[in-house]
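First up is the structure itself, then whatever we jot down about it.
The values are calculated or read from the model by the stated rules, or taken from the named source; none is laboratory data. Please read these numbers as outputs of a predicted model, since none were measured by experiment. Here the Cβ positions follow ideal geometry from the backbone for every residue, glycine too, while neighbour counts run over all protein chains shown. Ligands, DNA and RNA are excluded from the accessible area calculation, which covers all protein heavy atoms including side chains. Shrake-Rupley method; radii C 1.70, N 1.55, O 1.52, S 1.80 Å.
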Amino acid sequence: MPTQEPNVRNKNFLEVATGYTEEVAIEEAQRCLNCKHKPCVSGCPVHISIPDFIKEVAQGNFSGAYDVISKSSSLPAVCGRVCPQETQCESKCVRGIKTEPVGIGRLERFVADWHNAQTDVVVNKPEPNGHKVAVVGSGPSGLTCAGDLAKMGYDVTVFEALHLAGGVLVYGIPEFRLPKSIVQKEVDTLKALGVKVETNMVIGRVISIDELMDDMGFEAVFIGSGAGLPRFMKIPGENLCGVYSANEFLTRTNLMKSYKEDSATPIMHAKKVAIVGGGNVAMDAARCAKRLGADEVYIVYRRSEEELPARREEVEHAKEEGIIFKLLNNPVEILGDENEFVTGMKCVEMELGEPDESGRRRPVVKPDSEFVLDVDAVVISIGTSPNPLIKATTKGLETQKWGGIITDEHGLTSREGVYAGGDAVTGAATVILAMGAGKAGAKGIDEYIRYGGTMSLSGVNYNEDAIFASARSAEEYIDTAIAKNIQHSLRMYEYGGHFRSLLDLYEKGELTNVINRVVENINHSFTRRVVERTFKSHDIAVTASNLLRDREAPMNIKAHMDLDAVTRGMMQMLDILNKEEQSIQIEDYHMAQIEEYLTLLDLIMKIDLESLPEVNRKESVTVITQPGMRYAQANAIVSNLLLDAKFSELSLVERQRILDRLL
């Protein structure tokens, strides 16, 4: 990737990397092997169809490449710049085994920048569905959640505590790594979709989560407020003038533009600066300090270079720009003068001992190794945690001891209708992981509003060991799981939707042919083999159990299975076939859902409807408690009830009576 010269860029805040030209992008894209199994996709937290977009780039179809990326990512220009591709998608690239992996992140950046440079791009605003959702925080998780919900037709309002939307993308990441005009472009795209952004809104202070839902009419809330509470070392001298948290230092520099001569926000232009920490934030702070005019900038980190958590690229850029790395050193005191300004930092040398719980070798102090580092400013960059304000003002919201909001796999918190994701849940992490959490939250909120709850086949949180310790608790669990699923399925049936379309196909006797047609056109050989094995089996329970025990199989009936979502996927597959496409491109991300769904369809077709009223609960429990079968069996029973036309014609009281008999 072309860059500014180190001794030029360390004196300005212009973007370091200058990006690919069209010719270079096409040449790089042509290195892609377009692997059949797409291993790179499995390394992407938002599951971008990487080979497909790269194929479009290789053909010079940049617009088509952007369309592929935007199906999965709401912030491609951001991700192409700041995501750690070397440990994610690019680490899975087959090219990387013998040579350099394909520059996936750089190609993503090129495509997004090409798209943003076009003046004739029209955003298609979806039809409103009449539902309101609030998003707290406009960082990567909040913006992603808002974008996905807006595309579904939701009326979304984002509440941002600062005066400018973007969260950590605008206050944390420097201009030379992520120009703020790019973040603003992404925000403007969301606004064009209908998303409203309210700034200077500190949720928990200006207005509470409860008030958003009870007084303002929001049906669900997504908390993506990040992790903005800095941690300190608790050593003497941290309250001296010239000691900053990395959050404050970067916010003054990036958001408030203190590096500009006309900036109203002051910042100390120190000549010798120590940055304590070794992550990406520490690298950002060090490189900002250099650009603010410091003669000497030190990275003080207690482990060796091998353990540095920062991206390799950021470390290399920092070294090129003259940052001095003081590794295997740790501060024990910050020294000051009579006016309480920093004059130095007392440190000790470290050596690596045995590995700790994180797997990294534990640093231990070398005896008699104390020394003083001559500095006049110190920036502490040892991590952050979520601000406790929302927890303190939201009754019933459960958090970890360190402040992270507790959620399930769908982002659902301990409060009904309240979801969360990103750094507010995990603590400080990457942009792309926060985006993945935002997508999960949007999906969970959509299910909650449409169906009254996030769909999970169990319907309950459980400790499996405790549940199956006794026959009685197992039976109670099965009753609860089936009852929850019946309630959801009945609501879904009454609302109509894609599932009803498949029921119509079943009633016309066309469903088997449709499934066979889909199977024949699946281009993923392993998926096809699993599906064929499922359909040829006479004992579906044994087949499903075998699949679950097959470590090669990505199928897991125990995992989350959203019937409406997989049915929608099935109908999309049929649409592709009806358009006479040669094959269906199935991403690894969707394989498990498709396989689970086809197994479920086979269950639906094989159970005798007339036998339902005579279901023996003990026998059902025996089958259902086999590994992975309890959820599939519950769905089969419910689905067959729905297929029975007589059942759908019964009154609500009569339906309930039959369900009571079933349970």
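Note on the stretch 116-136: among residues that are open to solvent by 10 Å² or more (accessible area, probe 1.4 Å) and touching a strand residue (DSSP E or B) at 6+ places or on another chain (Cβ under 7 Å), the one that is modelled with the highest pLDDT is Lys132. Here the stretch 260-292 is the region considered, the condition is being small (Gly, Ala, Ser) and free of Cβ contacts under 8 Å to residues at least 24 places away in the same chain, and the residue that is most open to solvent (accessible area, probe 1.4 Å) is Ala264. Checked against (1) of a type in the set (D, E, K, R); (2) surrounded by fewer than 18 Cβ atoms within 10 Å (Cβ to Cβ); (3) over 20 Å from Glu186 (Cβ atoms), Asp52 meets all criteria but (2). Can you tell me which of (1) open to solvent by 10 Å² or more (accessible area, probe 1.4 Å); (2) in contact with a helix residue (DSSP H, G or I) (Cβ under 7 Å, 6 or more places away or on another chain); (3) in contact (Cβ under 8 Å) with a residue 24 or more places away in the chain is the one Arg302 doesn't meet? Exception for Arg302: condition (2). Answer yes if at least one residue in the stretch 193-216 is open to solvent by less than 70 Å² (accessible area, probe 1.4 Å), more than 22 Å from Ala165 (Cβ to Cβ) and either among the small types (Gly, Ala, Ser) or assigned to a loop (DSSP other than H, G, I, E, B) (or both), and no otherwise. Within the stretch 193-216 (the criterion being open to solvent by less than 70 Å² (accessible area, probe 1.4 Å), more than 22 Å from Ala165 (Cβ to Cβ) and either among the small types (Gly, Ala, Ser) or assigned to a loop (DSSP other than H, G, I, E, B) (or both)), the answer is no, since none of the residues qualifies. Filtering the stretch 365-407 to residues that are among the aliphatic types (A, V, I, L, M), open to solvent by 60 Å² or more (accessible area, probe 1.4 Å) and not in a loop (DSSP other than H, G, I, E, B) leaves Val365, Val372, Ala392.
There is at least one residue in the stretch 91-102 that is surrounded by 22 or more Cβ atoms within 10 Å (Cβ to Cβ) and over 16 Å from the mean Cα position of the chain (by Cα). Scanning the stretch 234-274 for residues that are assigned to a helix (DSSP H, G or I) and not charged (D, E, K, R) yields Ala246, Asn247, Phe249, Leu250, Thr251, Thr253, Asn254, Leu255. Applying a threshold of 7 Å to beta carbon distances and a minimum spacing of six or more residues, or different chains, the list of pairs starting in the stretch 55-78 at a residue that is among the aromatic types (Phe, Trp, Tyr) and ending at one that is open to solvent by 40 Å² or more (accessible area, probe 1.4 Å) reads Phe62/Trp114. Within the stretch 190-209, is there a residue that is over 24 Å from Thr384 (Cβ atoms) and hydroxyl-bearing (Ser, Thr, Tyr)? The answer is no, given that none of the residues of the stretch 190-209 is over 24 Å from Thr384 (Cβ atoms) and hydroxyl-bearing (Ser, Thr, Tyr).
For beta carbons closer than 9 Å, sequence separation of 6+ or different chains, a first residue in the stretch 122-139 that is under 26 Å from Asn200 (Cα atoms) and among the small types (Gly, Ala, Ser) and a second that is open to solvent by 70 Å² or more (accessible area, probe 1.4 Å) and at pLDDT 90 or above, the qualifying pairs are Ala134/Met216. Cβ-Cβ contacts under 7 Å between residues 6 or more apart (or on different chains), taken from a first residue in the stretch 355-372 that is in contact (Cβ under 8 Å) with a residue 40 or more places away in the chain to a second residue that is open to solvent by 90 Å² or more (accessible area, probe 1.4 Å) and outside any strand (DSSP E or B), are listed as Pro363/Arg302.
The residues listed here are Gly359, Gly322; of these, the one that is part of a loop (DSSP other than H, G, I, E, B) and at pLDDT below 95 is Gly359. If the condition is being of a type in the set (S, T, N, Q) and either touching a residue at least 60 places away in the same chain (Cβ under 8 Å) or not in a loop (DSSP other than H, G, I, E, B) (or both), then the stretch 408-427 contributes Thr413, Thr426.
I want to confirm something. Restricting to the stretch 401-416 and keeping residues that are closer than 17 Å to Ser141 by Cβ and of a type outside the set (A, V, I, L, M, F, W, C), which single residue is farthest from the chain's Cα centre (by Cα)?
If we take residues in the stretch 401-416 being closer than 17 Å to Ser141 by Cβ and of a type outside the set (A, V, I, L, M, F, W, C), then Gly403 is farthest from the chain's Cα centre (by Cα).
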